[in-house]
Amino acid sequence: MNKIVRREVMVFLMAALFPMLGCGSDEAVTGGSDAFVIPQTGYSTPTSYPGMTLVWQDEFDGVALNTTDYWTFETGTATDGWGNHELEYYQPGNTALKDGYLVIEAKKENVESSAYTSSRIKTQFKKSFRYGRVDIRALLPKGKGIWPALWMLGSNITLLDWPACGEIDIMEMIGGGSGDKTVYGTAHWDQAGRHESAGGNKPLSDGIFNDAFHVFSIVWTAASIKWYIDDVEYYTIDITPTQFAAFHKDFFLLFNVAVGGDWPGSPDDTTVFPQRMIVDYVRVFQ
């Protein structure tokens, strides 16, 4: 995501069945006055890879997000809507662990001066990584103005600010219409005082990312960063030139669902709330 950047209705997240994907019964989840169904279909990745070691994981199996060792909440609206003119107010109450899943929920409700709420979490100062493979299995929200992101920032952001710290967007999606079936992977950096970026996108051949779980991955080495969906590579960038120095330092993870902003635009009458990004696991291998 560029820059520093439940309501009393039954929401059914219908699962699309893909021939190569795992199958199972949908799982009903309740919380407070809410009930919604988490599809038990989708792609999954292994817990080990040849020549690599699993160095960190969060399977979200507890009763609450681990904010002692792993995660920190970012709250409020920051400056100019997190630098993107986003419309949401981030607060911890929009994040929950339910039956082994992390649920980040965007809601239409007034808090402070914002008309929407959501959550944004990060591993800054707790878990950071340099190189390796990152796998994140997630079911994405949908709808105009909805902007889910699974991403990374350079740990030296407190010293260099953005974009000099570097940014790796493992997955971003701009909801609404064909946007619900397309995700983006992007790198951002500073070059001689200018913001530079490079990336690619990958549309699904069938269905949307709200139908079933997919695994969004990067494989990051001293030579390159490669982006994958369900183990299929769709973009790579060579980071050996000196202009990519930011990508040879430690990075931390961020997960969030933004509402509105310069890129997705505002929600419209077709946007249904609440919207949820549901994460099954995050795993880091080196």
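Is it the case that Gly132 is surrounded by 22 or more Cβ atoms within 10 Å (Cβ to Cβ) and not aliphatic (A, V, I, L, M)?
Taking the combined requirement at face value, the residue does not satisfy it.
Can you spot a residue in region 225-237 that is closer than 26 Å to Pro46 by Cβ, in contact with a helix residue (DSSP H, G or I) (Cβ under 9 Å, 6 or more places away or on another chain) and surrounded by fewer than 14 Cβ atoms within 10 Å (Cβ to Cβ)?
no
Being closer than 26 Å to Leu160 by Cβ and among the hydroxyl-bearing types (Ser, Thr, Tyr) is the filter here, so list the residues in region 191-239 that pass it.
Passing the criteria: Ser197, Thr221, Ser224, Tyr235, Thr236.
In this structure, is Asp58 within 22 Å of Asn94 (Cα to Cα), modelled with pLDDT of 95 or more, surrounded by fewer than 11 Cβ atoms within 10 Å (Cβ to Cβ) and among the acidic types (Asp, Glu)? So that I can check it myself, show each step before the final result.
Numbers: within 22 Å of Asn94 (Cα to Cα): yes; modelled with pLDDT of 95 or more: yes; surrounded by fewer than 11 Cβ atoms within 10 Å (Cβ to Cβ): no; among the acidic types (Asp, Glu): yes.
Here the answer is no, as Asp58 does not meet what is asked.
So that you can scan it fast, the table gives a plain yes or no per residue for (1) surrounded by fewer than 18 Cβ atoms within 10 Å (Cβ to Cβ); (2) under 27 Å from Tyr281 (Cα atoms); (3) among the hydroxyl-bearing types (Ser, Thr, Tyr):
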{"position": "Asp80", "(1), (2), (3)": "yes, no, no"}
{"position": "His85", "(1), (2), (3)": "yes, no, no"}
{"position": "Tyr90", "(1), (2), (3)": "no, yes, yes"}
{"position": "Ala96", "(1), (2), (3)": "no, yes, no"}
{"position": "Ala106", "(1), (2), (3)": "no, yes, no"}
{"position": "Val111", "(1), (2), (3)": "yes, no, no"}
{"position": "Ala115", "(1), (2), (3)": "yes, no, no"}
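For region 254-275, does any single residue satisfy the condition of being among the polar types (S, T, N, Q), over 29 Å from Leu97 (Cα atoms) and touching a strand residue (DSSP E or B) at 6+ places or on another chain (Cβ under 8 Å)? Working first, answer last.
As a first pass, look at region 254-275 and keep what is among the polar types (S, T, N, Q): 256, 266, 270-271, 275.
Adding the requirement that they be over 29 Å from Leu97 (Cα atoms) leaves none.
Within region 254-275, not a single residue is among the polar types (S, T, N, Q), over 29 Å from Leu97 (Cα atoms) and touching a strand residue (DSSP E or B) at 6+ places or on another chain (Cβ under 8 Å).
Determine which single condition Ala223 fails, assuming it passes every other condition in (1) within 30 Å of Asp269 (Cβ to Cβ); (2) among the small types (Gly, Ala, Ser); (3) more than 17 Å from the chain's Cα centre (by Cα).
(1)
Condition test on Ala78, is it within 24 Å of Asp211 (Cβ to Cβ) and in contact with a strand residue (DSSP E or B) (Cβ under 9 Å, 6 or more places away or on another chain)?
Judged against the criteria, Ala78 is not a match.
Looking only at region 72-90, filter to residues that are more than 16 Å from the chain's Cα centre (by Cα) and of a type in the set (A, V, I, L, M, F, W, C); which one of those is farthest from Trp263 (Cα to Cα)?
Once the filter is applied, the top-ranked residue is Ala78.
Identify the residue in region 164-185 that is part of a strand (DSSP E or B) and hydroxyl-bearing (Ser, Thr, Tyr) and, among all such residues, is nearest to the chain's Cα centre (by Cα).
Start the filter on region 164-185 by keeping residues that are part of a strand (DSSP E or B), which leaves 167-172, 182-185.
Right, trim to hydroxyl-bearing (Ser, Thr, Tyr) and you get 182, 184.
Working: Thr182: 14, Tyr184: 11 Å.
Applying the filter and picking the extreme gives Tyr184.
The values are calculated or read from the model by the stated rules, or taken from the named source; none is laboratory data. Computed from a prediction, not measured in an experiment: that's the story for all the values here. Using ideal geometry, Cβ is built from the backbone for each residue, glycine included, and neighbour counts are taken over all protein chains shown.
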